[in-house]
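What follows is a single structure, written as structure tokens, with notes after it.
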Amino acid sequence: MGSEMCIRDRLYTFKTMPNSNVKNISSLVHLSTFARFIFPFGNFVAPIIIWSINKDKSSFIDNHGKAIINFQLSLLIYTFFLALISVPLLVFGVFNRFHILSDSGINQFNIDFSEPSTLLYFGGVIGGFAIIGFVLELLLIILASLKAREGELYNYPLTIKFIK
């Protein structure tokens, strides 16, 4: 009984295993997010185009396309909220050091960098987290592409499911 179950599981896995063309397209959907380095919003446009053209060919491509698009949309939202927090902190931290109006008149412009603002440090830390997040994003995209090439499904961490 145990050997029959093992053979049946292997046959099921073999039947549902995507072919190399499907694996290549799924891997390309993930890697197409690097189009952002070529044109603006390429990380959205390229995967959506490749996914929408090929999603009916295989559920494997469809699942990988949804995963990368959901991941990119989630990152957009996370980046937006990080910017809402860090940009004002950096701006107020920097402009806190500008002394445009002083007792000596309006023609004098002084910048005091002797004591940086705490807001500047806090905004810098958030900016550092953004850089770490960017590097992790690149690594996760490469990992997902490799998993797709091996015929495995990959679920990105911290992803909001916009497309189900």
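In segment 136-163, the residues that are more than 16 Å from L76 (Cβ to Cβ) and open to solvent by 40 Å² or more (accessible area, probe 1.4 Å) reach residues that are part of a loop (DSSP other than H, G, I, E, B) and modelled with pLDDT under 95 with C-beta atoms within less than 6 angstrom, at least six apart or across chains, in these pairs: K147/Y154. Scanning segment 68-83 for residues that are modelled with pLDDT of 95 or more and touching a Leu at 6+ places or on another chain (Cβ under 8 Å) yields F71, S74.
Residues that are hydrophobic (A, V, I, L, M, F, W, C) and touching a Phe, Trp or Tyr at 6+ places or on another chain (Cβ under 9 Å) within segment 36-71 comprise V45, A46, I61, A67, I68, I69, F71, listed in sequence order.
The values are calculated or read from the model by the stated rules, or taken from the named source; none is laboratory data. Please read these numbers as outputs of a predicted model, since none were measured by experiment. Cβ sites come from the backbone with ideal geometry, for glycine too, and all protein chains shown count toward neighbours. In case anyone asks, the SASA skips ligands and DNA or RNA and just uses the protein heavy atoms, side chains included. Shrake-Rupley method; radii C 1.70, N 1.55, O 1.52, S 1.80 Å.
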